[in-house]
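S.K.: The structure is given below, and queries will be raised subsequently.
The values are calculated or read from the model by the stated rules, or taken from the named source; none is laboratory data. This structure is a prediction, so every number in the text was calculated from the model and none was measured. Virtual Cβ from ideal backbone geometry, glycine too; neighbours counted across all protein chains shown.
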């Protein structure tokens, strides 16, 4: 701009809400979006486009959480890619670690990753050293996204660990204490171009980053007892306490309704003809006894109040019979509900038999809640195990360090006396 050249594509404005290059497509695009910046101010416009245009717009794949709009920039750039038959495009964008894994299966972030990977656009991710930026010391990652992969790279993703490729600066600038030399850049470029697995490079299939999130249920088992302690829990049940309330505007009618509700509460609390010494381990059996007792006492309650009575008198019991729904199927216990993350390449049923049913044979999957997700746990693939010393040598090191500290303290006080 200072030289008066190359400024024709620079415009003042907001790329999301007022794209000055709406009709333009580009062969190459670079971007370093802000890290962890919220997009609340532009939420209405972006959500409207996502809902109205869907896949015809920029944000059809999904929207990231409000607190971090980094993925929005990548989606915007992808919308400006040339078709593959016109030469295609290549994008380089710098992210922090969040876009790699933030967001559960089905979330906006996971769906964006899913879209990029299933469209075979993610080519390479390069992890850079920390302390490269002036305002933050965090690790950053360069994503290379393209719609013109070479044949050997199709359905593949390359991860490059460049965290050790740096030179320390003689004088730090803010948080910036490291830099990439020309040699480092050249070395990383060669690793990228070689496309061979090695110490700093891993090659994966697209599906290696996909997983199924499955919901595992276990049956609800309850016992029931008409003890004083459990009867007192009725006051914690809203349908029961609401019996002694009224929405009537007429004060006299409201007072009568409240009084009638209080009488019903007392009748229920007495639990006529119910043996307080019996512990019921079958819900259907207990419901039958409860209904008979209420009928004999001429007490009529609505279904929500009966449900409240059952909730107050129940406790979880692994030895009790399984509670069944109206269709005779086991009713799930929400407190025992769990999820499993199963790699797409593994057989779900086999995984469940091996990893779940071995330990909890009565569990089952709620298939209606199955979701596909994508995440890229980058650091896991480059973890280096460091040998830990044996306990005796570690203890000796601690003792030696302790003696050294005591000697240093003694020397300090000796110097003060002198």
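Yes or no, residue by residue, for (1) assigned to a helix (DSSP H, G or I); (2) in contact with a helix residue (DSSP H, G or I) (Cβ under 8 Å, 6 or more places away or on another chain); (3) farther than 20 Å from residue 106 by Cα:
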residue	(1), (2), (3)
7	no, no, yes
21	no, no, yes
35	no, yes, yes
75	yes, yes, no
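S.K.: Among what's in the range 335-348 and is in contact (Cβ under 8 Å) with a residue 60 or more places away in the chain and not in a strand (DSSP E or B), pick the residue that is surrounded by the fewest Cβ atoms within 10 Å (Cβ to Cβ).
M.R.: The extreme case among them is 345.
S.K.: Then there is this: What number goes with the only condition from (1) in a loop (DSSP other than H, G, I, E, B); (2) crowded, with 19+ Cβ neighbours inside 10 Å that residue 247 does not pass?
M.R.: (2)
S.K.: Looking at the range 364-412 only, could you name the residues that are part of a loop (DSSP other than H, G, I, E, B) and at pLDDT below 85?
M.R.: Result: 384, 385, 386, 387, 388, 389, 390.
S.K.: What about residue 307, is it surrounded by 10 or more Cβ atoms within 10 Å (Cβ to Cβ), closer than 30 Å to residue 161 by Cα, in contact with a helix residue (DSSP H, G or I) (Cβ under 9 Å, 6 or more places away or on another chain) and not assigned by the TED database to the domain that holds residue 201?
M.R.: Here the answer is no, as residue 307 does not meet what is asked.
S.K.: Please give the helices (runs of 4 or more DSSP H) falling wholly within the range 251-313 in which 1 or more residues are modelled with pLDDT under 95, over 41 Å from the mean Cα position of the chain (by Cα) and more than 30 Å from residue 221 (Cβ to Cβ).
M.R.: 251-270
S.K.: Being surrounded by fewer than 20 Cβ atoms within 10 Å (Cβ to Cβ), in the same structural domain as residue 117 (by the TED database) and over 17 Å from residue 17 (Cβ atoms): is that true of residue 47 here?
M.R.: It is false that residue 47 is surrounded by fewer than 20 Cβ atoms within 10 Å (Cβ to Cβ), in the same structural domain as residue 117 (by the TED database) and over 17 Å from residue 17 (Cβ atoms).
S.K.: Looking at residue 93, is it surrounded by 17 or more Cβ atoms within 10 Å (Cβ to Cβ) and in contact with a helix residue (DSSP H, G or I) (Cβ under 7 Å, 6 or more places away or on another chain)?
M.R.: yes
S.K.: Among the listed residues 396, 370, which satisfies the condition of being farther than 30 Å from residue 101 by Cβ and surrounded by 11 or more Cβ atoms within 10 Å (Cβ to Cβ)?
M.R.: 396
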